[in-house]
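Below is one structure, written out as structure tokens; comments come after it.
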Amino acid sequence: MEWEVVIGLEIHAQLATQSKIFSGAATAYGADANTQACAVDLGLPGVLPVFNEEALRMAVKFGLAIDAEIGKKSVFDRKNYFYPDSPKGYQTTQLHYPTVGMGHIDIELDDGSTRRINVTRAHLEEDAGKSVHEGFGGLSGIDLNRAGTPLIEIVSEPELRSAKEASAYFRKMHSIVTYLGICDGDLSQGSMRCDCNVSLRPKGQTEFGTRTEIKNVNSFRNVERAIEAEIERQMDILEEGGRIIQETRLYDADKNETRAMRSKEVANDYRYFPCPDLLPVIIDDNYIEAVRATLPELPDQKRHRFQKDHGLSAIDAAVLSSQRELAHYFETAAQIANDYKLAANWVQGDVSATLNRLELDITALPVSAEQLGQILLRIKDNTLNNGGAKEVFNALLADPSQTDIDALIDQLGLKQVSDTGAIEAIVNDVLAANPKLVESYLATPEDKRAKAIGPFIGLVRKAAKGVNPQVVMDVLQQQLNRL
Amino acid sequence: MALDQNQIRDIAELSRLQIDDDQITAYQQNLSNILALVDQLAAVDTQGIEPMAHPLDATQRLRADVVTEHNQREHFQAIAPHTEQGHYLVPKVVE
């Protein structure tokens, strides 16, 4: 049977506030256990939560970026459950009146087309603490530093149709929240986590099949792999006439399989009710417009501009706009050199290759965007040829303290020789020293000579680094034709 | 709406309350009475009345995003039954 895959994602993004959503404790990552958990976070009796205005602003900013309805009235509710990393016995969240309502984003597919995916809602809520199950002699250790960190939970419509689309959606959301500066996007620190709802149905059927939820997937790659593995598992069951059990599953990346989490004996019932400690949050059009005025250029707008205004290819524009820091690096260099295409070739070529080889993030690259821009300028004014530019780049990689690019070019002797007279002398030396090569060149039929000139170019460049290749070609042809 | 005895057991489980079998009938009666009261409220015609999220006619105050609470771990953990390496210790729970 032919099956259709139905996927919906719930993405939790930690908001990059200084303090918690309802308390004045710090949200910094990596602090010593429980040193950032105050009386409110601990759920001690008699405390009252007070809502962080920056968390609200960030959520509204996100809503505007995905063209969503903004809730002018948001209400916090209590989602009740018992677990030691949630000392209050409930999570404060938004059930019926979320801050961000229905919106949408566009994702790019492999064939270059785009697909619009609707976003059901995004609500504000608090993160839980962390449980550590090893190292406490059979007990669990609880660290509540993370408890109360503001989150937005972004819920997609079940409109994604493949693991690839799901991963493209997750990437796009990552790109949007990091562009907005509302989330640091650090997946390795859990700043963004993704729950994947997956079900299959016979192609053509309108009602959904039974879904499972894969919890807490924390990388783009694993979203794709986890969903692939789950689709395969469900398909095997359905093909054999079995039934899918609605349950929560975990993805084991080492074994590349999902497995059921130990199911609770009693079905949970969160008994939501409006939080009596928090009043409705009311915002008006002025507030919303003031936030809208702070929206930066978003990835789609940037991609469009790179393509339309600066003539980049669709692929270059997509890659170079996908990450905020990379886009910033590229555009800084491009503006200094006043050449977007040259900068795109370099960032997509040598820069990306270097990042891959050294496993670095663009922000950690020793060669700054300004330095790259200077190198590109020197290519454009013919001071450097491409090979020389690479040498300068590599020299800076090894020692980024060199601030004066021109001095470095001199020091490395890479200044390109474009002076025809000087090149003529080198060419004549090469021709004189290689009579056999000259002979065989002259024996070559006219139409094959373009290729036969290659070895001479190599010899000239070996004899004098930094010669302008175009001038070498011209002089060589001229001198050889004279013979 | 009346609750049956199994529902009482489920609610007790969700609330992490241990109740003895001989208490179940009393809980069943009391909780069912509360639900009956809610049913009575629900029977009132509320057409055209906006749902209320809070009994106070006021809106939420916001706080500036500033760190005002500093580390008082020793103080808080002084009343915790069991701590180690800065962690609160609890019976092992793995989901």
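The values are calculated or read from the model by the stated rules, or taken from the named source; none is laboratory data. The structure displayed is predicted, hence computed values, not measured ones. Note that each Cβ is placed from the backbone with ideal geometry, even for glycine, and that neighbours are counted across all protein chains shown. Heads up: the accessible areas ignore ligands, DNA and RNA and are worked out on the full protein's heavy atoms, side chains in. Shrake-Rupley method; radii C 1.70, N 1.55, O 1.52, S 1.80 Å.
With respect to being of a type outside the set (S, T, Y), within 12 Å of chain B (Cβ to nearest Cβ) and open to solvent by 30 Å² or more (accessible area, probe 1.4 Å), A:D285 falls outside the description.
Every condition in (1) within 14 Å of chain A (Cβ to nearest Cβ); (2) part of a loop (DSSP other than H, G, I, E, B); (3) under 23 Å from the mean Cα position of the chain (by Cα) is met by B:Q7 except one, and the failing one is (2). The single condition from (1) in a helix (DSSP H, G or I); (2) surrounded by fewer than 19 Cβ atoms within 10 Å (Cβ to Cβ); (3) out of contact with any Phe, Trp or Tyr (no Cβ under 9 Å at 6 or more places or on another chain) that A:Y169 fails is (2).
Could you please tell me which pairs satisfy a Cβ distance under 9 Å, a separation of 6+ or placement on different chains, a first residue in the stretch B:56-75 that is facing chain A (nearest Cβ under 7 Å), and a second residue that is aromatic (F, W, Y) and open to solvent by less than 100 Å² (accessible area, probe 1.4 Å)? Between residues of the stretch B:56-75 that are facing chain A (nearest Cβ under 7 Å) and residues that are aromatic (F, W, Y) and open to solvent by less than 100 Å² (accessible area, probe 1.4 Å), the close pairs are B:Q60/A:F51; B:Q60/A:F76; B:R61/A:F51; B:L62/A:F51; B:R63/A:F22; B:R63/A:F51.
Listed by position, the strands (runs of 3 or more DSSP E) inside the stretch A:92-147 whose residues that are more than 22 Å from A:V177 (Cα to Cα), assigned by TED's automatic domain parsing to the domain that holds A:V60 and more than 23 Å from the chain's Cα centre (by Cα) number at least 1 are A:130-132, A:139-143.
For (1) under 30 Å from A:L376 (Cβ atoms); (2) basic (K, R), each residue gets a yes or a no:
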{"site": "A:A407", "(1), (2)": "yes, no"}
{"site": "A:Q411", "(1), (2)": "yes, no"}
{"site": "A:K436", "(1), (2)": "no, yes"}
{"site": "A:E439", "(1), (2)": "no, no"}
{"site": "A:E446", "(1), (2)": "no, no"}
{"site": "A:K462", "(1), (2)": "yes, yes"}
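Taking each residue of the stretch A:55-66 that is within 14 Å of chain B (Cβ to nearest Cβ) and touching a residue at least 40 places away in the same chain (Cβ under 8 Å) and looking for partners that are in a helix (DSSP H, G or I) and among the aromatic types (F, W, Y) with beta-carbon atoms closer than 8 Å, six or more apart or interchain, yields A:V60/A:Y287. Check whether at least one residue in the stretch A:378-392 is open to solvent by 60 Å² or more (accessible area, probe 1.4 Å) and assigned to a loop (DSSP other than H, G, I, E, B), and report yes or no. Yes, because at least one residue in the stretch A:378-392 is open to solvent by 60 Å² or more (accessible area, probe 1.4 Å) and assigned to a loop (DSSP other than H, G, I, E, B). Check whether at least one residue in the stretch B:36-52 is under 28 Å from A:G148 (Cβ atoms) and without any contact (Cβ under 8 Å) to a residue 40 or more places away in the chain, and report yes or no. Yes, the stretch B:36-52 contains at least one residue that is under 28 Å from A:G148 (Cβ atoms) and without any contact (Cβ under 8 Å) to a residue 40 or more places away in the chain.
Quick one: would you say A:L44 is at the interface with chain B (Cβ under 9 Å from one of its Cβ atoms) and either surrounded by fewer than 17 Cβ atoms within 10 Å (Cβ to Cβ) or under 29 Å from A:E213 (Cα atoms) (or both)?
Values: at the interface with chain B (Cβ under 9 Å from one of its Cβ atoms): yes; either surrounded by fewer than 17 Cβ atoms within 10 Å (Cβ to Cβ) or under 29 Å from A:E213 (Cα atoms) (or both): yes.
Yes, satisfied.
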